[in-house]
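Undergrad: Handing you a structure now.
The values are calculated or read from the model by the stated rules, or taken from the named source; none is laboratory data. Note that the coordinates shown come from a computational prediction; the quantities given were computed from them, not determined experimentally. FYI the Cβ positions are ideal-geometry reconstructions off the backbone, even for glycines, and counts take in every protein chain you see. Ligands, DNA and RNA are excluded from the accessible area calculation, which covers all protein heavy atoms including side chains. Shrake-Rupley method; radii C 1.70, N 1.55, O 1.52, S 1.80 Å.
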Amino acid sequence: MPLAPMKVERAFPNLRFQRPLYLTHSGVGSNRVFVVEQGGRIFVFPNDETTAKAGLFLEISDRVSTAGEEEGLLGLAFHPKYATNGYFYLHYSAANPRRSVLSRFSASKSDPNKADPASEFIIAEIPQPYSNHNGGMLEFGPDGYLYVGLGDGGSGGDPHGNGQNRNALLGKILRLDVDNPSAGRRYEVPPDNPFRGQAGAREEVYAFGLRNPWRFSFDPVTKLLWVGDVGQNRIEEIDIVRPGGNYGWNIMEGSECYSPRAGCDRTGLELPVAEYDHSEGCSVTGGYVYRGRRLPMLYGAYVYADFCSGRIWALRYDGRQVTEKMRISDSQLMISSFGLDQAGELYLTAF
């Protein structure tokens, strides 16, 4: 079925949030959704359009830094065995010193709509030189490992060269085993991580050469990892990320040379599957391959948007190339993220 224009509608007309950054579900069949606010709060409520009140699931605003526009509580992922262990993972910005924090928290055993702020178990802390390009996405992959998105550390143009430095964690997608920590660490490196055992590379790295992978997701059918990587000042890109791949930053911005501006060495670099320039927006918000039932014309298409313009696109990919692409909505919204409910239906959050 070909792609077609679509209308964005308010899913929960009685609810409002302050700078919502993400929507997700816990995977336990309770028909609840969770919304993350940048300031450090997570709300939970029934997945019903008539819902009039959202309950406070967790607040950690006292430990979350929002000093920078791109700092805050940035990511949430529920453990695949959340129904039995009650674990969920957060990615947030902290100050003094400036850093990204990856932590595990636990839900209350007596109230499924509450989590315990005192249950924090810090998995890792990554120093951040600047307040922008923090990344922030967390998602458990089909393999059960936790994938973590980290930007290049900020400022502009990647002054520290993190994107191409395989011995740095910034500018990367990381892949961690949080269930089997090794001695001296609170996680383990999966045995098949692409740089495990290689000199001059951090073993946690799954892919590199990314500027600010703001949102990523796995297609549950093809298992492909789709990433929206925010551009510098010319090009926004969509990548399909594979283990060990180099996605070009800061040698390239999208499909164009960045440093140097012409004649850059593209050897071994993975090019985007889709991109758009800044005549159409200024900051890509990665989305999902739609596998729900309500919108059959969208089934199998990857949906993404631009934060600045509110434009929403969908594309189809046959495993080798994009076969169809369309701008499906001009929402006029500042789209901060997409999200899925347990049925695979697609939502967006907007400022």
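Undergrad: Assess whether ARG196 counts as being open to solvent by 50 Å² or more (accessible area, probe 1.4 Å), within 21 Å of LEU90 (Cβ to Cβ) and not hydroxyl-bearing (Ser, Thr, Tyr).
TA: no
Undergrad: Scan the range 5-36 for residues that are of a type in the set (Phe, Trp, Tyr) and farther than 22 Å from LEU138 by Cβ and report the count.
TA: Step one: of the range 5-36, the residues of a type in the set (Phe, Trp, Tyr) are 12, 17, 22, 34.
Of the ones still in play, those that are also farther than 22 Å from LEU138 by Cβ are 12.
The qualifying residues number 1.
Undergrad: Could you list, in sequence order, the residues of the range 254-311 that are in contact with a Ser or Thr (Cβ under 8 Å, 6 or more places away or on another chain) and open to solvent by less than 40 Å² (accessible area, probe 1.4 Å)? Explain how you work it out, then say what you get.
TA: Going through the range 254-311, the residues in contact with a Ser or Thr (Cβ under 8 Å, 6 or more places away or on another chain) turn out to be 271-272, 275, 280-282, 285-289, 304-308, 310-311.
Passing the criteria: PRO272, GLY281, THR285, GLY286, GLY287, TYR288, VAL289, TYR304, ALA305, ASP306, GLY310.
Undergrad: Suppose we keep only residues that are assigned to a strand (DSSP E or B) and charged (D, E, K, R) within the range 96-114. Which one would you say is farthest from VAL44 (Cα to Cα)? First the steps, then the outcome.
TA: First, the residues of the range 96-114 that are assigned to a strand (DSSP E or B): 99-107.
From what is left, the residues that are charged (D, E, K, R) are 99, 104.
Numbers: ARG99: 27, ARG104: 18 Å.
For the range 96-114, the residue satisfying everything is ARG99.
Undergrad: Which of the residues that make up the range 42-65 are assigned to a strand (DSSP E or B), within 17 Å of HIS91 (Cβ to Cβ) and in contact (Cβ under 8 Å) with a residue 60 or more places away in the chain? Give the derivation first.
TA: We begin by selecting, within the range 42-65, every residue assigned to a strand (DSSP E or B); these are 42-46, 55-59.
Among the residues that remain, those that are also within 17 Å of HIS91 (Cβ to Cβ) are: 42, 57-59.
Of everything in the range 42-65, just one residue is assigned to a strand (DSSP E or B), within 17 Å of HIS91 (Cβ to Cβ) and in contact (Cβ under 8 Å) with a residue 60 or more places away in the chain, namely ILE42.
Undergrad: I need the full set of residues from the range 17-38 which are open to solvent by 40 Å² or more (accessible area, probe 1.4 Å) and either touching a Leu at 6+ places or on another chain (Cβ under 9 Å) or more than 19 Å from ARG63 (Cα to Cα) (or both), in order please.
TA: To start, the set of residues in the range 17-38 that are open to solvent by 40 Å² or more (accessible area, probe 1.4 Å) comprises 17-19, 25, 27-31.
Listed by number, the residues that qualify are PHE17, HIS25, GLY27, VAL28, GLY29, SER30, ASN31.
Listed here are the residues, each with its yes/no results for (1) under 20 Å from the mean Cα position of the chain (by Cα); (2) under 21 Å from VAL230 (Cα atoms); (3) touching a residue at least 60 places away in the same chain (Cβ under 8 Å).
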| position | (1), (2), (3) |
| --- | --- |
| MET252 | no, yes, no |
| ARG261 | no, yes, no |
| VAL273 | yes, yes, no |
| THR285 | yes, yes, yes |
| ARG291 | yes, no, yes |
| TYR304 | yes, yes, yes |
| ALA314 | yes, yes, yes |
| MET326 | no, yes, yes |
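Undergrad: Here is a follow-up. ASP111: open to solvent by 50 Å² or more (accessible area, probe 1.4 Å), within 14 Å of HIS25 (Cα to Cα) and of a type in the set (Asp, Glu), yes or no? Talk me through it step by step, then tell me what you get.
TA: Working: open to solvent by 50 Å² or more (accessible area, probe 1.4 Å): yes; within 14 Å of HIS25 (Cα to Cα): no; of a type in the set (Asp, Glu): yes.
Taking the combined requirement at face value, the residue does not satisfy it.
Undergrad: Scanning the range 66-95 for residues that are free of Cβ contacts under 8 Å to residues at least 40 places away in the same chain and assigned to a loop (DSSP other than H, G, I, E, B), which turns out least open to solvent (accessible area, probe 1.4 Å)? Give the steps one after another, and end with the answer.
TA: Of all residues in the range 66-95, those free of Cβ contacts under 8 Å to residues at least 40 places away in the same chain come to 66, 81, 84-87, 94-95.
Filter once more, so that each one left must be assigned to a loop (DSSP other than H, G, I, E, B): 66, 81, 86, 95.
Details: THR66: 77, LYS81: 133, GLY86: 13, ALA95: 51 Å².
Ranking the qualifying residues of the range 66-95, first place goes to GLY86.
Undergrad: Within the range 328-339, track down each residue that is open to solvent by 40 Å² or more (accessible area, probe 1.4 Å) and touching a residue at least 40 places away in the same chain (Cβ under 8 Å).
TA: Just the residues of the range 328-339 that are open to solvent by 40 Å² or more (accessible area, probe 1.4 Å), to begin with: 330, 332-334.
Across the range 328-339, the qualifying residue is only LEU333.
Undergrad: How about the range 140-165: which of its residues are open to solvent by less than 30 Å² (accessible area, probe 1.4 Å) and either under 20 Å from VAL284 (Cα atoms) or touching a His at 6+ places or on another chain (Cβ under 8 Å) (or both)?
TA: Scanning the range 140-165 gives PHE140, TYR147, VAL148, GLY149, LEU150, GLY151, ASP152, GLY153, GLY154, GLY157, ASP158, GLY163.
Undergrad: For the range 167-178, give me each residue that is farther than 13 Å from GLN128 by Cα and either modelled with pLDDT under 95 or open to solvent by less than 80 Å² (accessible area, probe 1.4 Å) (or both).
TA: Residues of the range 167-178 farther than 13 Å from GLN128 by Cα: 167, 172-178.
Within the range 167-178, LYS172, ILE173, LEU174, ARG175, LEU176, ASP177, VAL178 meet the criteria.
Undergrad: Quick check on my filter: what residues within the range 215-236 are part of a strand (DSSP E or B) and within 14 Å of the chain's Cα centre (by Cα)? Break it down stepwise before answering.
TA: Looking only at the range 215-236, we keep the residues that are part of a strand (DSSP E or B), and these are 215-218, 225-229, 235-236.
Across the range 215-236, the qualifying residues are ARG215, PHE216, SER217, PHE218, LEU225, TRP226, VAL227, GLY228, ASP229.
Undergrad: Could you please find all residues in the range 87-109 being more than 20 Å from the chain's Cα centre (by Cα) and among the basic types (Lys, Arg)? It would help to see each step written out before you state the result.
TA: Within the range 87-109, the subset more than 20 Å from the chain's Cα centre (by Cα) is 95-98, 106-109.
The answer is ARG98, LYS109.
Undergrad: Conditions: (1) at positive phi; (2) buried (at least 20 other Cβ atoms within 10 Å of the Cβ). GLY244 meets all but one. Number of the miss?
TA: It is condition (2) that GLY244 fails.
Undergrad: Another question, if that's okay. Just checking, does the range 200-211 include any residue being closer than 30 Å to TYR299 by Cα, part of a loop (DSSP other than H, G, I, E, B) and hydrophobic (A, V, I, L, M, F, W, C)?
TA: Looking through the range 200-211, at least one residue is closer than 30 Å to TYR299 by Cα, part of a loop (DSSP other than H, G, I, E, B) and hydrophobic (A, V, I, L, M, F, W, C).
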